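K.L.:
Right, I'll just put the structure down here and ask away after.
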Amino acid sequence: MKDVQIYTVDYCPYCKKAEMLLKSKNILYKKTDITENEDAYRKKLGEYYDIEGKVTVPQIIIGGKRIGGFDILEKLNNSGELDKLLED
């Protein structure tokens, strides 16, 4: 299974939903809570992943590739593509 990384803030309901979805599928992930240095992390994420405009959370990375936020994670799960994306 590919590595999964999620960047969150502690007050974000979509971050919590993303984590619940990953946990419900028994997907191990590394969580980075950026609440303490939110502006700096958002800037770094934007630069690193070449994100135009405001960087939202959660940011979900699978196998080093940014897939986006909860809405995309949910669509990938509902279509069955998430399981394929996680395969090594």
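No value in this document is a laboratory result; all are computed from the given coordinates. Here the structure is a predicted model, which is why all the values come from computation and not from measurement. Every residue, glycine among them, receives a Cβ derived from its backbone with ideal geometry; neighbour counts consider all protein chains shown.
K.L.:
Measure nothing fancy, just the Cα-based angle from helix 13-24's long axis to the longest principal axis of the chain, in degrees from 0 to 90, nearest 10.
P.N.:
Computed tilt is about 30 degrees.
K.L.:
With runs of 4+ DSSP H residues as the only contributors, calculate the mean residue ellipticity of the chain at 222 nm using -39,500 (n - 2.57) per run, divided by the residue total and rounded to the nearest 500.
P.N.:
Value at 222 nm, helices only, nearest 500: -13000 deg cm²/dmol.
K.L.:
For the Cα atoms of the chain, what angle does the longest principal axis make with the long axis of helix 70-79, in degrees from 0 to 90, nearest 10?
P.N.:
So the helix axis and the longest Cα principal axis differ by about 10 degrees.
K.L.:
Out of the range 35-69, which GluC sites (Glu not before Pro) are coil in DSSP terms and have no more than 16 other C-beta atoms within 10 Å?
P.N.:
Filter output for the range 35-69: E36, E52.
K.L.:
Here are some values of percent of Cα pairs over 14 Å apart: [x] 70; [y] 83; [z] 62. Which one was computed from this structure?
P.N.:
This structure yields the entry labelled [z].
K.L.:
Now, a different point. Here are some pairs, K43/K84; K25/K84; K43/K75; K23/K43; K30/K75; which of them have Cα atoms lying more than 24 Å apart in this structure?
P.N.:
K43/K84; K43/K75; K23/K43
K.L.:
In the range 3-51, which chymotrypsin sites (Phe, Trp or Tyr not before Pro) are in a loop and have at most 14 other Cβ atoms within 10 Å, using DSSP for the loop call?
P.N.:
Hits after loop and neighbour filter: Y11, Y49.
K.L.:
Using Cα pairs under 8 angstrom and six or more residues apart, how large is the relative contact order of the chain, in percent?
P.N.:
In percent, rounded to a whole number, it is 38.
K.L.:
Rounded to the nearest 20 Debye, what is the dipole magnitude of the range 36-82 about its Cα centre when Lys and Arg each give +1 and Asp and Glu each give -1 at the C-beta?
P.N.:
Result for the range 36-82 is approximately 100 debye, rounded to the nearest 20.
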